[in-house]
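Chemist: Attaching a single structure in structure tokens format; questions to follow.
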Ligand SMILES: [Zn+2]
Ligand SMILES: [Zn+2]
């Protein structure tokens, strides 16, 4: 029978689940290394999977992460976001109190990493957010075999199957042909989605300048500084109706904001895995939903669990129950983590936190 760990109270809960990984009120914790992974509150030593706001927070003591994740955190929180930074290259082994810690590409956003913890012949992988679909803006997901796999489950329901990005881009480009005198406003989060959407649109053959809302500028120029080719990019600045027929990217929250009215009668679009859900698109006032996600879809979650060879699977961050059920019916032990701070009921913590972070950068 499956035990269920619920961490929804303010009381400190420390349950040792393995000597490599346990859950504390701050989040996942490796007692041997005395290090937390993606802690939601300030801790002495943190290992961070990637720069999204629900995983990467300011105020820790020492932070171990990919160089690009550290640089993204510095862009978001300022250079003093922690006491000391330790960058690690993918595959590099860092020994912490006898635990071999290494980062492996997660294919999610620039710098994103799965964390492998190894000690006494046991291997535990914390995936962070990941995807298996190709993404021209970051290193591809690398499969890491392990005994215990901690997987995200943002799109952990069989209804979520992400189409190829090219077919979604084709919808956008067709609409731009059909409504050639209207601005197309594409809502996308500032870290990862905006840059991937641009790269996929370029791959679709669109070579005119793409215009950016101010909140997307810093991280987009950071991606360019890291060698990600995004073609001609220009700030929107004070322009409005001059951009009739052009493509403008903005944070999703701006689609229904007064800011959008400067373009007259724009076609509003949004790139997100949630665009699979019509009610979400409607709620956002999105006319042209593009299903483009930086998370694994249902098929890829299940495939990845099988391929890791893990006997034990911890599920966090999204639709946990369905994936736990799938694991159990496929002969694996599984545990929903129900961690506060990663999952906020109906509206996923990931998107909510990203939106807040996106809006904070102006
Ligand atoms: Zn993320
Ligand atoms: Zn996340």
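Chemist: Remind me, relative contact order of the chain in percent, using alpha carbon pairs under 8 angstrom and six or more residues apart?
Modeler: Computed over the chain, the figure is 17 percent.
Chemist: Also, quick follow-up: Give, in nm to one decimal, the length gained when the segment between residue 321 and residue 239 is fully stretched (0.36 nm per residue of separation minus the Cα-Cα distance).
Modeler: Working: separation 82, 0.36 × 82 = 29.52 nm, distance 4.71 nm.
That works out to 24.8 nm of additional length.
Chemist: Also, quick follow-up: Run the numbers on segment 165-290 and let me know its relative contact order in percent, using alpha-carbon pairs under 8 Å that are six or more apart.
Modeler: Values: 206 pairs, mean separation 43.2, N = 126.
Result for segment 165-290 is 34 percent.
Chemist: Determine the shape class of segment 210-302: with a ≥ b ≥ c the square roots of the Cα gyration tensor eigenvalues, call it rounded for a/c under 1.5, and otherwise prolate if a/b is greater than b/c, oblate otherwise.
Modeler: Details: a/c = 2.48, a/b = 1.19, b/c = 2.09.
Oblate, because a/c is 1.5 or more while a/b does not exceed b/c.
Chemist: Using alpha carbons only, what's the Rg to Rh ratio of the chain with Rh from Kirkwood? Before the final figure, lay out each step's value.
Modeler: Numbers: Rg = 20.3 Å, Rh = 20.9 Å.
On the Cα set of the chain, Rg over Rh gives 0.98.
Chemist: Let me ask another. Once the mean 1/r over all distinct Cα pairs of segment 27-153 is inverted, what Kirkwood radius in angstroms do you read off? Please report the intermediate quantities before stating the final value.
Modeler: On the way: mean 1/r = 0.0699 Å⁻¹.
Result for segment 27-153, one decimal place: 14.3 Å.
Chemist: Arranged from highest to lowest average of other beta-carbon atoms within 10 Å per residue, in what order do the peptides 151-159, 57-65, 234-242, 322-330 appear? It would help to have the intermediate numbers written out before the result.
Modeler: Numbers: 151-159: 22.2, 57-65: 20.3, 234-242: 13.7, 322-330: 17.8.
Peptide ranking by packing, descending: 151-159, 57-65, 322-330, 234-242.
Chemist: Next question, about the same structure. Report the full-extension gain for the segment residue 161 to residue 67: residue separation times 0.36 nm, less the Cα-Cα distance, to one decimal in nm. Walk me through the numbers before you get to the answer.
Modeler: Numbers: separation 94, 0.36 × 94 = 33.84 nm, distance 3.17 nm.
Stretched fully, the residue 161-residue 67 segment lengthens by 30.7 nm.
Chemist: Would you mind checking the tilt of helix 193-203 against the longest principal axis of the Cα atoms of the chain, expressed as 0 to 90 degrees and rounded to 10?
Modeler: The angle comes out near 60 degrees.
Chemist: With a 10 Å Cβ neighbour count serving as the proxy for reagent exposure, in which order, fewest first, do 211, 90 appear?
Modeler: Numbers: 211 22, 90 15.
Ranking 211, 90 by Cβ neighbours within 10 Å, fewest first, gives 90, 211.
Chemist: Taking the Cα centre of each part, how many Å lie between segment 238-305 and segment 193-220?
Modeler: 13 Å
Chemist: Pull up the DSSP beta bridges for the chain and report the antiparallel fraction as a percent, rounded to 5. Write out the running numbers ahead of the final one.
Modeler: On the way: 23 of 65 bridges.
Counting only bridges with both partners in the chain, antiparallel ones make up about 35 percent.
Chemist: Taking the Cα atoms only, what angle lies between the long axis of helix 320-329 and the longest principal axis of the chain, rounded to 10 degrees?
Modeler: The helix 320-329 is inclined about 50 degrees to the chain.
Chemist: Starting with the fewest neighbours, write out 314, 298 ranked by other beta-carbon atoms found within 10 Å of each beta-carbon.
Modeler: Details: 314 27, 298 20.
Least to most surrounded, the residues fall as 298, 314.
Chemist: If one takes the longest principal axis of the Cα atoms in the chain, at what angle in degrees, from 0 to 90 and to the nearest 10, does the Cα axis of helix 67-77 lie?
Modeler: 70 degrees
Chemist: Now, a different point. Taking 0.36 nm per residue of sequence separation and subtracting the Cα-Cα distance, how much length would be gained by fully extending the chain between residue 330 and residue 224, in nm to one decimal?
Modeler: Numbers: separation 106, 0.36 × 106 = 38.16 nm, distance 4.29 nm.
Here the segment from residue 330 to residue 224 would lengthen by 33.9 nm.
Chemist: For residue 92 paired with residue 18, estimate the spin-label separation in nm (one decimal), with each label point 7 Å from Cα along the Cα-to-Cβ line.
Modeler: A separation of 2.5 nm, rounded to one decimal place.
Chemist: Ok, one more. For a footprinting-style exposure proxy, rank 41, 196, 332 by other Cβ within 10 Å, fewest first. Before the final figure, lay out the partial values.
Modeler: Numbers: 41 13, 196 28, 332 16.
Ascending number of Cβ neighbours within 10 Å: 41, 332, 196.
Chemist: On a C-alpha basis, how far is the centre of segment 114-190 from the centre of segment 312-332 in Å? Whole number, if you could?
Modeler: Centre-to-centre distance over Cα atoms comes out at 19 Å.
Chemist: Can you tell which of 278, 67, 45 shows the greatest fluctuation in a Gaussian network model of the chain with Cα springs below 10 Å?
Modeler: In this elastic network of the chain, the residue with the biggest mean-square fluctuation among 278, 67, 45 is 278.
Chemist: For segment 113-225, give the share of DSSP beta bridges that are antiparallel, in percent and rounded to the nearest 5; count only bridges with both residues there. Could the numbers behind the result be given before it?
Modeler: Values: 5 of 8 bridges.
Looking only at bridges with both residues in segment 113-225, the antiparallel portion is about 60 percent.
Just so you know, all these numbers are worked out from the coordinates, no wet-lab data involved. Predicted model only: the values in this text are computed from it and were never measured. No Cβ is skipped: glycine too gets one built from the backbone with ideal geometry, and neighbour counts run over all protein chains shown.
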